[in-house]
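The values are calculated or read from the model by the stated rules, or taken from the named source; none is laboratory data. As the structure is a computational prediction, the values presented were derived from the model and not from experiment. With ideal geometry, Cβ positions are generated from the backbone for all residues, glycine too; neighbour counts draw on all protein chains shown. We work out accessible area using only protein heavy atoms, side chains counted, and drop any ligands, DNA or RNA first. Shrake-Rupley method; radii C 1.70, N 1.55, O 1.52, S 1.80 Å.
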Amino acid sequence: MDPSILAEAARRADLGEPFVLATVVWRRGPTSGQPGAKAIVGADGSVRGWLGGACAEPTVVDESLAALRDGRPRVLFLGPADELDGHRREGVTAVPMACSSEGAMEVSLEPFLPAPLVVAIGRSPIVDSLARMALAVGWRAVVIDDGGGPEHHHPDLTVATSLDLSELGIDRQTFVLVATQGHYDEDALQAALATQAGYVGLIASGKRAADVVQYLRERGVEEEGLARVRAPAGLDLGSVPVEEVAVAVLAEMVALRATRSGTPVVEVEAPPPEVDPVCGMVVDPATARFQAEHDGRSFWFCAPGCQRAFEREPELYAGV
């Protein structure tokens, strides 16, 4: 095992970068993969480390990206087609290897996903309470208060003083709450709507919220963006103390996150994989050594045997 792989995994985890840690957990020779060998697969499909040969790596990458999309770990069995049934079991994806090698291996894919990020804007008990509760449940939290520095907030919180949210890594899994208590609701909400945040909430009365939305409409904010605003933010718990409003907001965030199970956990950046039209193996055009042209299209192959089979009967495989 290369210790630098685990060090790199720890670094990416600290930065909140999504990745998959792939580990060879079983092998039968002849195969270049060795038990304990590890690699990191990024959301862009990049690989750091070594797991196996040219046939195994593209399939591991493709399945790793799937693990990032759904957030679920899995085990891959990579081996001859006639052995697949003997290795099928719950949690195992069996993939035939069409290469000349007679070896096989199993690879564990463990996705590491950034904890949800809560960005709370303003200086109020609601902001501090929400941010501290988010940290308590294992989420990340940042307080934005351009009217004052960290001394105005709980010492455990990360506080920024600019409404420039571009450096926070906000994506569709991020929750943003505006709770400036009327001081700069409009500017804060407009900054939040300029991000990809999947949740944008506003702490305000119904009338105040309507006034803020109308102001932004007149400022040129599009209706599609304004429709994202949740106001008043949080579950309706009736009349509760201001600190408990934060409980209602976090409960709404947790409920929404639970309903997002059908949406990608991570938006992967890699293009759809290419597939060997003869054997169905995933291939990477950037590294594939075997290629053929037919009817104006390019096809890539995992091994020369597949290329020769295609070139003998291209019409048989070109539609795959």
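Quick notes on this one:
- Filtered residue count, region 304-318, keeping only those that are open to solvent by 40 Å² or more (accessible area, probe 1.4 Å) and under 37 Å from the mean Cα position of the chain (by Cα): 2
- Contact map, region 147-167: residues that are farther than 21 Å from V200 by Cβ and open to solvent by 80 Å² or more (accessible area, probe 1.4 Å) paired with residues that are charged (D, E, K, R) and in a loop (DSSP other than H, G, I, E, B), Cβ distance under 8 Å, separation 6+ or inter-chain. Pairs shown: H152/R123; H152/D145.
- Any hit, region 207-219, residues being closer than 20 Å to T174 by Cβ and exposed (fewer than 11 other Cβ atoms within 10 Å of the Cβ): no
- Scope region 188-200; condition in a helix (DSSP H, G or I) and either over 17 Å from V127 (Cα atoms) or small (G, A, S) (or both); matching residues: A188, Q190, A191, A192, L193
- Unique residue being buried (at least 17 other Cβ atoms within 10 Å of the Cβ), touching a His at 6+ places or on another chain (Cβ under 7 Å) and not charged (D, E, K, R) when the list is V176, V200, V143: V143
- Selected residue (only one of E102, E110 is among the acidic types (D, E), more than 21 Å from F175 (Cβ to Cβ) and either in a strand (DSSP E or B) or at pLDDT 85 or above (or both)): E110
- Every residue from region 230-257 that is of a type in the set (D, E) and in a helix (DSSP H, G or I): E243, E244, E252
- Number of residues in region 220-245 that are open to solvent by 50 Å² or more (accessible area, probe 1.4 Å), under 17 Å from I121 (Cβ atoms) and under 27 Å from the mean Cα position of the chain (by Cα): the value is 2.
- Within region 162-195, the set of residues being under 14 Å from L216 (Cβ atoms) and among the acidic types (D, E) comprises D185, E186, D187.
- Selection status of P277, at pLDDT below 90 and surrounded by fewer than 19 Cβ atoms within 10 Å (Cβ to Cβ): no
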